[in-house]
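Below: the structure, in structure tokens.
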Amino acid sequence: MTREPQLFCNFARFNANQMANILNIETSTQVCSVALGSDGQVLEHHENYDGQTHATLLSAYVQDVLKYVRSREMSLDAVAVSIGPGSYTGLRIGLSEAKGLAFGLNIPLIAVNTLQLLTVSTMFNHFIEDDVLYAPMIDARRMEVYTAVYNPALEAVVEPRPLILDNDSYADVLDGHQVVFMGDGSDKARDVIKHRNARFIGGVKPVALDMIALSERAFRLKDFADVAYSTPLYLKDFQATVPRNKVLGQ
């Protein structure tokens, strides 16, 4: 059962003379995907879940979408890319491709936050109560994740940040709210976060199909990125922590 997230409930859909054709690119994790969206509809999409294929597959996927556009005498109005956080290499590949298209076609570039993308994907594909919070997690290394906390309007309750997981992670938020954790980083969070208000949804991956709502909203608001100077959202380095028993002198 699916529903439309609260974020988009108050936005009227584009009418016929406002339709935007947007190419969406997602390469922030092991999934390589592109999707062509227009007025909330998916016109063409490609996905590969094998990992380590971005460099070889992305350009081919983009060319397939461009062939689709040309064969129907359409034009692209913008290109959107998942900006991170995520894989260093994947983000660079996706952003480079998107910048090249935006520059070459003289169309706007839209940057989509990957953590927001995971949140919207969960809202679209799972029926969840309105009063919960969302904690998307992207796996980094060891017990490290990139994460944030959003409310159903996609407002940041906890800003995007790198985090070293322990059993107290998000304890202050969990004490007052049910929190839904998703993304590949949540698999290891499940083993350490045991709070009664923690809920975990497996199998949620960032894909270009789920970018369409976010990129169309950005296009409507003219929220465009700088084609020349945009960089991936890597977030800052992780900081080493001292075990609590050492802090307490145990």
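The values are calculated or read from the model by the stated rules, or taken from the named source; none is laboratory data. As the structure is a prediction and not an experimental result, all values here were calculated from the model. Neighbour counts run over all protein chains shown; Cβ positions are idealised from the backbone, glycine included.
Summary of computed values
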item: Residue within the range 82-89 that is touching a strand residue (DSSP E or B) at 6+ places or on another chain (Cβ under 6 Å), assigned to a loop (DSSP other than H, G, I, E, B) and touching a residue at least 60 places away in the same chain (Cβ under 8 Å) present; result: yes
item: Members of the range 105-120 found to be touching a strand residue (DSSP E or B) at 6+ places or on another chain (Cβ under 8 Å) and crowded, with 24+ Cβ neighbours inside 10 Å, listed by number; result: Ile110, Val112, Thr114, Leu115, Leu117, Leu118, Thr119
item: The lone exception for Leu43 - which of (1) surrounded by fewer than 20 Cβ atoms within 10 Å (Cβ to Cβ); (2) touching a Lys or Arg at 6+ places or on another chain (Cβ under 9 Å); (3) in contact (Cβ under 8 Å) with a residue 40 or more places away in the chain; (4) not small (Gly, Ala, Ser) it fails; result: (3)
item: Pairs where the first residue, in the range 185-197, is in the same structural domain as Asp139 (by TED's automatic domain parsing) and the second is among the small types (Gly, Ala, Ser) and modelled with pLDDT of 95 or more, C-beta under 8 Å, 6+ apart; result: Ser186/Ala135
item: Residue satisfying condition, being closer than 29 Å to Val180 by Cα, of a type in the set (Asp, Glu) and at pLDDT 95 or above, within set Glu155, Glu97; result: Glu155
item: Residue satisfying all of: in the range 105-128; modelled with pLDDT under 95 and in a loop (DSSP other than H, G, I, E, B); nearest to Val204 (Cα to Cα) among these; result: His126
item: Odd one out for Tyr170, checked against (1) buried (at least 21 other Cβ atoms within 10 Å of the Cβ); (2) modelled with pLDDT of 95 or more; (3) over 16 Å from Asp210 (Cα atoms); result: (2)
item: Test set (1) in contact with a helix residue (DSSP H, G or I) (Cβ under 7 Å, 6 or more places away or on another chain); (2) farther than 24 Å from Ile212 by Cβ - Asp131 fails condition number; result: (1)
item: Failed item in (1) farther than 30 Å from Ser75 by Cβ; (2) free of Cβ contacts under 8 Å to residues at least 12 places away in the same chain; (3) over 19 Å from the mean Cα position of the chain (by Cα), with Asn106 passing the rest; result: (1)
item: Among (1) under 19 Å from Ala156 (Cβ atoms); (2) not assigned by TED's automatic domain parsing to the domain that holds Gly185 - the single one Tyr134 does not satisfy; result: (2)
item: Residue ID - surrounded by the fewest Cβ atoms within 10 Å (Cβ to Cβ), chosen from residues in the range 136-167 that are assigned to a loop (DSSP other than H, G, I, E, B) and of a type in the set (D, E, K, R); result: Arg141
item: Residue satisfying all of: in the range 187-201; part of a loop (DSSP other than H, G, I, E, B) and not β-branched (Val, Ile, Thr); nearest to Tyr134 (Cα to Cα) among these; result: Asn197
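A quick yes/no check of all residues on (1) part of a strand (DSSP E or B); (2) surrounded by fewer than 15 Cβ atoms within 10 Å (Cβ to Cβ):
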{"residue": "Asn24", "(1), (2)": "yes, no"}
{"residue": "Asp50", "(1), (2)": "no, yes"}
{"residue": "Tyr61", "(1), (2)": "no, no"}
{"residue": "Val65", "(1), (2)": "no, no"}
{"residue": "Val69", "(1), (2)": "no, no"}
{"residue": "Ser75", "(1), (2)": "no, yes"}
{"residue": "Lys99", "(1), (2)": "no, no"}
{"residue": "Phe103", "(1), (2)": "no, yes"}
